[in-house]
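Asker: What follows is a single structure, and I will ask about it in a moment.
The values are calculated or read from the model by the stated rules, or taken from the named source; none is laboratory data. If you're wondering where the values come from, they're calculated on a predicted model, not measured in any experiment. A quick note on method: Cβ atoms are made from the backbone with ideal geometry, for glycine too, and the neighbour counts reach across all protein chains shown.
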């Protein structure tokens, strides 16, 4: 994971561009196994100033995940942005999610944890296959779900309702 360590000591003041290709191996390193496959490009802009640095991350790509309803794999588009300010102080401090404090004399910054968190947090809470929304996905699980929906609706119609409840319903409509 050396490619995510940015040596900033030799860089001149101003803007510098970095690019990273994120694959499934990146998440295997963190022990994160919710993605089947990953194809994300990270564009990072490092703006070096005399007393601090500004890092801007932009993630674009897809993750292959399983649908929460059908367990069918599909490609979920991912877009995420993150801004990070790097300052220098007495000791290392990453408690604030927007500010990273590095000790004086440090010459490099490791950005892999920030990239990891940015992508994982960009994943939608509920993963639904696009074929479910537009009706093009045809799986055994969906057909069973529809079958049970129909059975449930017919059971409700056939229930005998106590006639006393019907009289109470009339109270609302007889005004």
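Asker: Output the strands (runs of 3 or more DSSP E) that fall wholly within the range 21-138 and possess 2 or more residues being on the phi < 0 side of the Ramachandran plot and within 15 Å of the chain's Cα centre (by Cα), or say none.
Answerer: By residue number, 37-48, 52-66, 73-89.
Asker: Within the range 76-93, which residues are free of Cβ contacts under 8 Å to residues at least 24 places away in the same chain and either under 27 Å from residue 38 (Cα atoms) or not assigned by TED's automatic domain parsing to the domain that holds residue 56 (or both)?
Answerer: Once the filter is applied, which keeps residues that are free of Cβ contacts under 8 Å to residues at least 24 places away in the same chain and either under 27 Å from residue 38 (Cα atoms) or not assigned by TED's automatic domain parsing to the domain that holds residue 56 (or both), the range 76-93 yields only 77.
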